[in-house]
Amino acid sequence: MTIKTILNKKTRNAIFSIGSSATVYEALVLMADKNIGAVLVIDDGQLVGIFSERDYARKGILKGRTSQETHIHEVMTAKLLTVAPEQKIEDAMVIMSEKHIRHLPVIDGTELIGIISINDLVTAIISDQKNRIASLESYISGNPYA
């Protein structure tokens, strides 16, 4: 299964973003409104970073910064890890696990086409395993159409 498969199955694959000069407060409002844990940071059509709940906690609150006065560029993660749509979900799981991250932008060539979360990967893996189990059970029972 590939990253593209996950993006195609997501019920809403909107890309929520904010500019790097926006305040942390504005990003938090957007994240709460959309019920997401991270927002992409885009300036002049270019992906320049990602801002997550973890960034807020570690680089904002714990450093004594206020969300209404701190700008995203001060606390965002600028060194981005990304995946391509043709990569396998196992590749994304390895990246997320080794780097302790929960969100990965999906880049096709130079174009941002989506973002996946650890939850997206887990959901896809569980679904795939259920399908494999059902197929094996059908095979074992001699009913290939069940």
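Structural remarks
- Residues that are surrounded by fewer than 16 Cβ atoms within 10 Å (Cβ to Cβ) and assigned to a helix (DSSP H, G or I), drawn from the range 56-73: ALA57, ARG58, ILE61, LEU62, LYS63
- In the range 104-115, the condition of being of a type in the set (A, V, I, L, M), within 23 Å of the chain's Cα centre (by Cα) and not in a strand (DSSP E or B) is met by no residue.
- Count - residues of the range 79-120 that are more than 16 Å from THR5 (Cα to Cα) and without any contact (Cβ under 8 Å) to a residue 12 or more places away in the chain: 8
- Subset tally (residues that are in a helix (DSSP H, G or I) and crowded, with 17+ Cβ neighbours inside 10 Å) for the range 74-94: 3
- The residue that is surrounded by the fewest Cβ atoms within 10 Å (Cβ to Cβ), counting only those in the range 1-49 that are of a type in the set (Gly, Ala, Ser) and part of a strand (DSSP E or B), is SER17.
A quick yes/no check of all residues on (1) closer than 24 Å to VAL122 by Cα; (2) in contact (Cβ under 8 Å) with a residue 40 or more places away in the chain; (3) of a type in the set (D, E, K, R):
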site: ASP44; (1), (2), (3): no, no, yes
site: GLU53; (1), (2), (3): yes, no, yes
site: TYR56; (1), (2), (3): no, no, no
site: ILE72; (1), (2), (3): no, yes, no
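- Failed item in (1) touching a strand residue (DSSP E or B) at 6+ places or on another chain (Cβ under 7 Å); (2) farther than 21 Å from PHE51 by Cα, with PRO105 passing the rest: (2)
Readers should treat all values here as calculations from the given coordinates under stated rules, not as data from a laboratory. Here the structure is a predicted model, which means the values were calculated and not measured. So basically every Cβ, Gly included, is an ideal-geometry build from the backbone, and we count neighbours across all protein chains shown.
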